[in-house]
1. With charges only on Cβ, +1 for K and R and -1 for D and E, what is the dipole size of the protein assembly as shown about its Cα centre, in debye, rounded to 20?
2. As a test question: what accessible area, to the nearest 10 Å², does residue A:128 have when a 1.4 Å probe is rolled over all protein chains in place?
3. From the C-alpha coordinates alone, can you work out the Kirkwood hydrodynamic radius of region B:103-205, in Å?
4. Any chance you could run the full-extension gain for residue A:23 through residue A:46? It's 0.36 nm times the residue separation minus the Cα-Cα distance, nm to one decimal.
5. At 37 °C and a viscosity of 0.692 mPa s, what translational diffusion coefficient does Stokes-Einstein give for region B:89-153, taking Rh as the Kirkwood radius over Cα pairs? Give it in µm²/s as a whole number.
6. Which residue, A:107, A:196, A:99, tops the fluctuation ranking in a GNM of chain A built on C-alpha contacts under 10 Å?
7. Please pull out the direction-averaged projected area of region B:1-57, using the convex hull of its alpha-carbon atoms, in nm² to one decimal place.
8. Which net charge results for the neighbourhood of residue A:288, defined as the other residues with beta-carbon distances under 13 angstrom from its beta-carbon, given Lys and Arg at +1 and Asp and Glu at -1?
Amino acid sequence: MRVIFKTSYDNDINLFKDKIHFLQYVFLLVFALALPFIVNDYYLGEVALVLIWAIAGMGLMVLVGHSGQVSLGHAAFMAIGAYSVVILQSRFGLPFIVSLPLAGLLSSFLGILIAVPTAKLHGIYLAILTLAVSILVEDIIVLADPLTGGVNGIFAPDIEIFSINFNRYGNIDSLYWLILFITVVFIIGYKNILRSPLGRAFSAVRDSEVSALAMGINIARTRTLAFAISCFITGIAGALFGHFVTVFNYETFNVVLSINLLLMIVIGGLGSIHGAFFGAMVIGFLPIIISFCRDHFLDDIGINLMNFPGIETGIFSLILILFILFEPFGIYGRWLKIRTYFQLFPLYRKDMFKRQKSYLKTERVR
Amino acid sequence: MSFLSLENVTISFGGIRAVKNVSLDIKEGEIFALVGPNGAGKSTIFNLISRLYKQNEGNIFFDGKSLNQLKPFDMPDIGIARTFQNIELFGNATVLQNLLVGTNVRKSSNFLSEILFTRSVRKEEVTSRVMVEEVMDFLDLQQYREKYIMGLSYGTRKIVELGRALALKPKVLLLDEPASGLSAEETEDLAFWIEDIKKIMGITVLMVEHNLNLVNKVADRVAALVDGEIISVGNPKSVQSDPKVIEAYIGV
Ligand SMILES: Nc1ncnc2c1ncn2[C@@H]1O[C@H](COP(=O)(O)OP(=O)(O)OP(=O)(O)O)[C@@H](O)[C@H]1O
Ligand SMILES: [Mg+2]
């Protein structure tokens with residue numbers, strides 16, 4: 001068991017608890033940076049995609065996990081990001097390095113447009129509304145044919161930054177490093193939100209609106225800000241996704257994607273950055289694992305998964321059901337338990353994480 | 001000088017007039033208790049002062065200014081903090097984080113500097129932390145610093161909620177049944193704390209409380225509220241021996 005000695009309040013504010021904690025992440029980063037030299041291009045591409053999912057997941061996590069607003073339409077914000085970044089480059093001739101943040105801002109702007117009139121909507125109503133918005137965005141993309149390529153879709157040009165070329169097929173290594181860099185930037189930004197007044201305002205609004213008010217928090221503004229930040233991050237993820245797949249159309253960003261994003265962060269663990277990454281790994285690596293199983297032993301025992309279209313979504317949903325039943329805190333919650341078990345071994349108590357029954361809002365007598 | 005005052009305040013919910021023509025005058029630096037049977041309208045008066053409800057008639061003044069046009073989230077700015085009868089803490093956060101929310105109102109940073117976590121944001125965070133630690137020292141909450149609210153006992157949560165209100169550094173503190181659900185021991189501590197809040201911190205306290213022992217111990221003045229009307233105001237002894245109050249408690 002490791003005991004951390006705190007000598008100043010900065011210990012609690014710093015990103016890393018201590019040297020060991022810091023070194024763990026340095027090691028992880030070095031490993032991530034060296035990955036192109038370790039795995040082949042195919043797997044590197046898959047990892048890059050997982051990072052993109054993780055960014056999108058962080059975007060949704062800000063909204064759902066931290067400010068407590070459920071969105072069933074986040075694919076729409078990925079779409080805005082993807083289309084904007086391409087159109088800004090090919091139509092307006094802007095360089096990628098300008099188009100990318102602009103794409104995020106445009107997506108953020110749409111988020112604000114939705115958040116302002118809906119500041120009073122909760123839970124299921126907000127979820128339905130965002131769902132409707134995402135269907136609407138799909139339609140608009142089709143209708144805006146001259147700009148978006150309509151049903152045929154649109155080609156993303158190669159990313160160029162200071163005449164360095166980033167192409168998935170030409171040099172996946174540099175594209176991967178670019179995505180990794182953006183991922184790290186967002187992780188730091190997200191961490192900063194969590195350790196600052198903004199993050200506290202988010203969780204205050206999430207946990208109890210009435211006492212957030214009593215603590216001087218302007219709820220409408222806080223929720224709108226959460227939407228703006230969430231949609232910015234998701235828009236950037238969409239832009240990267242667009243460049244990664246190189247060609248996409250309205251169907252790329254359909255409702256299933258929105259639902260997958262939401263499932264992803266729930267499985268990963270709501271309310272933590274780790275959760276977004278664990279969820280992204282599940283969503284990204286599950287198809288690989290399934291096809292691996294298919295190729296290596298399911299065929300041998302006479303099961304042909306080709307006969308089960310949509311098997312991935314099915315397995316995904318099954319995982320979700322199991323998590324909601326047995327581990328509502330997601331993979332991250334489970335990870336914390338396992339880690340605590342080893343840290344405290346042999347002192348771990350089985351009900352250590354059992355929480356005292358807390359009153360649900362609806363159970364309270366007012 | 002009147003500090004916090006209600007003038008002929010009335011509010012109705014549908015057909016029920018929950019608060020009828022109530023006038024109250026709370027002086028700076030006193031501990032004022034509202035007592036009365038269930039459903040008398042005590043919490044409603046708190047919600048009116050903290051602007052969660054808007055009165056149908058009458059005015060509410062604090063520190064010489066009318067509260068009529070203010071929003072609930074303006075309250076900490078002008079110096080009014082409160083607790084809730086049914087504990088409204090941020091359940092998925094630690095005790096420390098809950099108390100730190102109270103320091104948000106004094107921050108000068110904007111969201112961009114917070115995302116970048118600039119030097120000045122860090123400096124403010126340390127200042128906030130120092131202040132919150134003082135509150136935790138005062139209420140003996142250090143042992144729960146990193147604990148999540150969901151795992152705390154009811155009594156501890158009540159104290160945390162008191163601490164969170166104190167972290168706002170208010171001029172007046174509204175406590176809605178602070179002793180309900182507390183053990184005898186915890187209630188005794190609470191009595192000392194409330195007195196210190198008045199004496200050491202110089203905060204005016206308005207509290208709703210059913211526990212008459214506590215009221216007798218700490219309150220300077222008491223108002224008895226029955227069916228939305230104030231039937232008696234004065235020092236704790238005189239209110240409790242007021243025939244109208246006795247009748248209301250026994251008769252109803
Ligand atoms: N938002 C509301 N909508 C409708 N009726 C309300 C509302 N708030 C309060 N009331 C009514 O106003 C009356 C007074 O309620 P209030 O909560 O102020 O009582 P109280 O004195 O705090 O009682 P208790 O000791 O049980 O807390 C009750 O009849 C209650 O039903
Ligand atoms: Mg009440």
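1. Its charge dipole is roughly 780 debye.
2. 100 Å²
3. Radius from the Kirkwood sum: 15.1 Å.
4. Length gained, residue A:23 through residue A:46: 5.7 nm.
5. Stokes-Einstein gives a translational diffusion coefficient of 259 µm²/s.
6. A:196
7. Numbers: hull surface 16.7 nm².
Orientation-averaged projected area of the Cα hull: 4.2 nm².
8. Details: positive: A:294; negative: A:46, A:295, A:312.
Net charge around residue A:288: -2.
The values are calculated or read from the model by the stated rules, or taken from the named source; none is laboratory data. The shown structure was predicted, so the numbers you read here are calculated from the model rather than taken from an experiment. Here Cβ is always computed from backbone atoms with ideal geometry, including for glycine, and neighbour counts include all displayed protein chains. Only protein heavy atoms, including side chains, enter the accessible area calculation; ligands, DNA and RNA are left aside. Shrake-Rupley method; radii C 1.70, N 1.55, O 1.52, S 1.80 Å.
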